[in-house]
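Engineer: There's a structure below that I have some questions on.
The numbers here are math on the coordinates, done by the rules we state, and not lab data. As the structure is a computational prediction, the values presented were derived from the model and not from experiment. For neighbour counting, all protein chains shown are included, and Cβ atoms are generated from backbone atoms with ideal geometry for every residue, glycine included.
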Amino acid sequence: MFIAHLPAGYLAADLVASTKDEGRRGLIAVGLIASILPDIDLLWFYLVDNRQTAHHEYVFHWPLFWISIAFGAWAISWITDQSWIRPYILVALIGLLLHMMLDSFAAEIYWLRPFSEFHLNAVKVPARFEWWVWNFILHWTFAVELAICATAILVYRRRKAVFRTT
Ligand SMILES: [Zn+2]
């Protein structure tokens, strides 16, 4: 997935934030960051690994890694009685898992690593063009990305209009 992670993260965070009375901006900010955080491993891919391993195989693209961190953060919040942080943990985990779900669309995501090599790749994008980016942009799955972007823009504009009138 190329361009839809951030708008999809916005839509998910907006949905979670709409169930809360306060902290809307903070929840959306956390959701937006989480929705693109796994792709920070592209730095490792280009700068350290010299493009030897598909970046979707790195630990930052393992759903169980993020679930473990969220579980740990939730446990710490429970031990220290800091319940205010739990909606942020929830929105972050939703953004992270949404990232992996969207990546599973046209790339291999190892949902059960490190315990299993099971991976999900809903649609195989054929390599038809020399520059690999065209393979994705000129594939029908890119229309899904555009639809997510358009939906996010519509929701954002509607929210802005609602806040302007209240
Ligand atoms: Zn990714």
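Engineer: In whole Å, how far is the Cα centre of the range 77-115 from that of the range 4-28?
Structural biologist: Computed from Cα coordinates, the inter-centre distance equals 14 Å.
Engineer: Test of understanding: ordering TRP44, TRP140 by Cβ neighbours within 10 Å, fewest first, what list do you get? Walk me through the numbers before you get to the answer.
Structural biologist: Numbers: TRP44 14, TRP140 8.
Fewest to most other Cβ atoms nearby, the residues stand as TRP140, TRP44.
Engineer: Using R₀ = 45 Å, calculate the FRET efficiency as 1/(1 + (r/R₀)^6) where r is the Cβ-Cβ separation of ARG86 and ARG51; round to 0.05.
Structural biologist: Efficiency for this residue pair is about 0.70.
Engineer: If you don't mind, there's one more thing I want to ask. For the chain, modelled as a GNM with alpha-carbon contacts under 10 angstrom, which of ILE79, ILE33, ILE153 fluctuates the most?
Structural biologist: Of the options given, ILE79 has the highest mean-square fluctuation.
Engineer: Report, please, the projected area of the chain averaged over directions, based on the convex hull of its C-alpha atoms, in nm².
Structural biologist: 11.6 nm²
Engineer: So for MET1, MET101, fewest C-beta neighbours within 10 Å to most, what's the order?
Structural biologist: Ordered from fewest to most neighbouring Cβ atoms within 10 Å, MET1, MET101 come out as MET101, MET1.
Engineer: Mind listing which trypsin sites (Lys or Arg not before Pro) in the range 1-104 are in a DSSP loop and have 11 or fewer other Cβ atoms within 10 Å?
Structural biologist: Filter output for the range 1-104: ARG51.
Engineer: May I pose another question? What is the dipole size for the range 18-166, taken about its Cα centre, with +1 at each Lys and Arg Cβ and -1 at each Asp and Glu Cβ, in debye to the nearest 20? Before the final figure, lay out each step's value.
Structural biologist: Details: 13 positive and 12 negative charges, 170 e Å.
Charge dipole of the range 18-166: 820 debye, to the nearest 20.
Engineer: Which length gain, in nm to one decimal place, applies between LEU154 and LEU112 when the Cα-Cα distance is subtracted from 0.36 nm times their residue separation?
Structural biologist: Values: separation 42, 0.36 × 42 = 15.12 nm, distance 3.50 nm.
Extra length available between LEU154 and LEU112 comes to 11.6 nm.
Engineer: Using alpha-carbon pairs under 8 Å, 6+ residues apart, how would you state the relative contact order of the range 5-165 in percent?
Structural biologist: Working: 175 pairs, mean separation 39.0, N = 161.
Normalised by residue count, the contact order of the range 5-165 is 24 percent.
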